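> Right, I'll just put the structure down here and ask away after.
The values are calculated or read from the model by the stated rules, or taken from the named source; none is laboratory data. Keep in mind that this is a model prediction, so the values were computed, not measured. Neighbour counts are summed over all protein chains in view; Cβ atoms, including those assigned to glycine, are modelled from backbone coordinates with ideal geometry. Surface accessibility is based on the protein's heavy atoms, side chains included, excluding ligands, DNA and RNA. Shrake-Rupley method; radii C 1.70, N 1.55, O 1.52, S 1.80 Å.
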Amino acid sequence: MIPMTARHIAYITGGTLHDIDPDTQVIGPAEFDSRRITEGSIFLALPGARVDGHDFAAGAVESGAAMALAARPVGAAACVVEPLGPQETNSDAFAHDPDGSGAAVLKALGALARETVDKLRAGCNFDVIGVTGSAGKTSVKDMIATVLRTEGETVAPKGSFNNEIGHPYTVLQCTDDTRYLVAEMSARGVGHIAHLAQIAPPTIGAVLNVGTAHLGEFGSRETIAQAKGELIESLPADAGVAVLNADDPLVAQMAPRTQARVVFFSVEGPADYRATDINFDGRARASFTLHAPTGSSPVQLQVFGAHQVPNALAAAAVGIESGLPVEQVANALSSHVAASVHRMDVRDRADGVTVIDDSYNANPDSVRAAVDALVRTAQTREGGRSIAVLGQMAELGDETEKEHRALAEVLVDRGVDMLLTVGDSDGARALHLAALDTGINNEVVSDCDGAVSRLAEVAGPGDVVLVKASYSDGLWRVADGLLNEISQDEGAGK
């Protein structure tokens, strides 16, 4: 966080200071976990499902926080903002916020984040990059951060901390030394990305794809495209750059929605940024030649799956449009390893079983990409089988049964040897019933422990096991169980 006085924080947020000298300097980052407080930080008193941050504010100040940002006095140094009424509360971030206190603190947090961006940008050496899409946001965000860190200090959210809480929280991790902020922007409705863009206005915005993630909330892919396109609508006309996927028609059609300069990336045809000579090794890691307006350079990815090629092109476009040489960008991409947990994390066990842990989340596009990586990897193993351990793809609404039945057809088309379906959700049941119709070898287990036990019986040397489901299923417990079951080779998969 850039240094601010308590007085200035009160001015920016419209709050009132309690039990604090107005000239107190707040120098540490914002934090809503009182266990992670550092000296001089600001504690965010946000309500949760089981606990209320206001109850921990005094302890956070005792632990070194300069002050708390709260919606009521907390008996310690604080800036107190007024709770919002129901008509002012437009956030769905809190399921337990009957008095609007969480929304008020969140609004104040957004104001602090915008002040931070404005002050850093006034120094003329700070850029915000926004990334959105139905699939791949986190992977591309991590790639972009790897590329930009070769040029200057870069802040990016950990994992998928990309909503109306995580976004301003990440902004407040920036300091006076930060050169780039990479903001992953998610949406559960029209207007969400526009709101995030107001908090940290981007100069470069990348839209990766428009798929079926959150289809149950949006209703149609066209509405999803409307929401994702809000990112490039926020770009400035003079210095802004929109990075669009030419291979996705709904993304390519967004170009007229921005006043910024538009560049395209593609693995299928002509574009400003493209890949040729694409090859894969035995672990489904791609090598290719990166072509850009400023030249070309070879890339050897260390991350897994064919879908990482367009991801890398998007990251390359952001890096080169930020002024980096193509060779520097290619070298950075070639050194990049997965930075977020449970996302295409490929490891070999000591007994020869390979585990692809892509269990953090799932939607139809990302599952197809993961299945392709599973099969491609298994084909390089003599006698090895491809085993897909899948749960539900959540938030598909009326399309739940259709998309899970379509997934069963994908598994058959790709030649997956075995399907193990986990759980009793609507999606898991639909997948299992569709798989029965296709004739694929498939079984059902009730929970993660059952999946680990069954895999202990059937998985052998040379087999490749993919673990994937939506976040709510928690299938990383299966991946962790498989990797802990037998002491794995620590050097494998790295």
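> Per residue, how big is the convex hull of the range 224-339 when only Cα atoms are used? Give it in Å³. Working shown, then result.
Values: hull volume 12.8 nm³, N = 116.
That works out to 110 Å³ per residue.
> Between beta-carbons, use under 15 Å as the cut-off and find the net charge around Val309, counting Lys and Arg +1, Asp and Glu -1. Spell out each step's value before the answer.
Values: positive: Arg274, Arg283, Arg285, Arg368, Arg376; negative: Asp247, Asp248, Glu268, Asp277, Asp281, Asp365, Asp372.
Once positives and negatives cancel, what remains is -2.
> At most 16 other Cβ atoms within 10 Å and a DSSP loop assignment: could you name the GluC sites (Glu not before Pro) in the range 249-337 that fit? Show your work: numbers first, answer last.
Numbers: sites: Glu268, Glu321, Glu327; in loops: Glu268.
Here the sparse-neighbourhood loop sites are Glu268.
> What are the trypsin sites (Lys or Arg not before Pro) within the range 28-64 that DSSP puts in a loop, where the Cβ has at most 16 other Cβ atoms within 10 Å?
Values: sites: Arg35, Arg36, Arg50; in loops: Arg50.
Sites meeting the loop and neighbour criteria: Arg50.
> Moving to a separate point now. Can you give the Rg and Dmax of the range 115-184 based on its C-alpha atoms, in angstrom?
11.5, 34
> As a check on your grasp of the helix formula, calculate [θ] at 222 nm for the chain: sum -39500 (n - 2.57) over DSSP H runs of n ≥ 4, divide by the residue count, round to the nearest 500.
On the way: 17 runs with 171 residues, N = 494.
Helix contribution divided over all residues of the chain: -10000 deg cm²/dmol.
> Just read off the accessible area of Glu222 with the full protein assembly in place, 1.4 Å probe, to the nearest 10 Å².
Accessible area, nearest 10 Å²: 120 Å².
> Then there's this: What are the equivalent ellipsoid semi-axes of the chain, built from the alpha-carbon gyration tensor (square roots of five times its eigenvalues), in whole angstrom, biggest first? Mind showing how you got there, number by number?
Numbers: eigenvalues 307, 152, 92 Å².
Semi-axis lengths for the chain are 39, 28, 21 Å.
> Roughly what % antiparallel, to the nearest 5, for the DSSP beta bridges in the chain?
On the way: 21 of 68 bridges.
Among the beta bridges of the chain, antiparallel pairing accounts for roughly 30 percent.
> Same structure again: Given a 1.4 angstrom probe, I'd like the percentage of the accessible area of the chain that is carbon and sulfur, rounded to a whole number. Show your work: numbers first, answer last.
Details: 9220 of 19550 Å².
Its accessible area is 47 percent carbon and sulfur atoms.
> Looking at Leu333, Ala362, His192, which one has the Cα that reaches farthest to the positive end of the dipole of the chain (charges on Cβ: Lys, Arg +1; Asp, Glu -1)?
Leu333
> Just the ratio, please: alpha-carbon radius of gyration of the range 302-444 over 2.2 N^0.38 Å, N its number of residues. Walk me through the intermediate numbers first.
Working: Rg = 17.3 Å, N = 143, 2.2 N^0.38 = 14.5 Å.
Scaled against compact globular proteins, the figure is 1.19.
> How much of the DSSP beta bridge set in the range 217-348 is antiparallel, as a percent to the nearest 5?
Numbers: 11 of 18 bridges.
Given both bridge residues lie in the range 217-348, the antiparallel proportion sits at roughly 60 percent.
> Averaged per residue, what accessible surface does the range 190-327 expose to a 1.4 Å probe, in Å²? Show your work: numbers first, answer last.
Numbers: 4970 Å² over 138 residues.
Roughly 36 Å² per residue, with all protein chains present.
> Give me the accessible area of Ile129, 1.4 Å probe, in Å² rounded to the nearest 10.
Ile129 exposes around 0 Å² with every protein chain in place.
> Continuing with this model, one more query. Taking the Cα centre of each part, how many Å lie between the range 220-292 and the range 327-370?
Distance between centres, Cα-based: 21 Å.
> Quick one: accessible surface of Thr146, probe radius 1.4 Å, all protein chains present, in square angstrom to the nearest 10.
Roughly 40 Å² of Thr146 is accessible to a 1.4 Å probe.
> Using +1 on the beta carbon of Lys and Arg, -1 on that of Asp and Glu, and nothing else charged, what's the dipole of the chain about the Cα centre, debye to 20? Each step should come with its number before you reach the end.
Details: 37 positive and 66 negative charges, 151 e Å.
Taking the Cα centre of the chain as origin, the dipole is about 720 debye.
> Counting heavy atoms of the protein chains only and a 1.4 Å probe, report the per residue accessible area for the range 392-446 as a whole number of Å². Intermediate values should be presented prior to the final figure.
Working: 2560 Å² over 55 residues.
Heavy-atom SASA per residue in the range 392-446 reads 47 Å².
> To continue, here is another question. Write down the Å³ per residue value for the convex hull defined by the alpha carbon atoms of the range 273-340.
On the way: hull volume 5.1 nm³, N = 68.
Roughly 74 Å³ of hull volume per residue.
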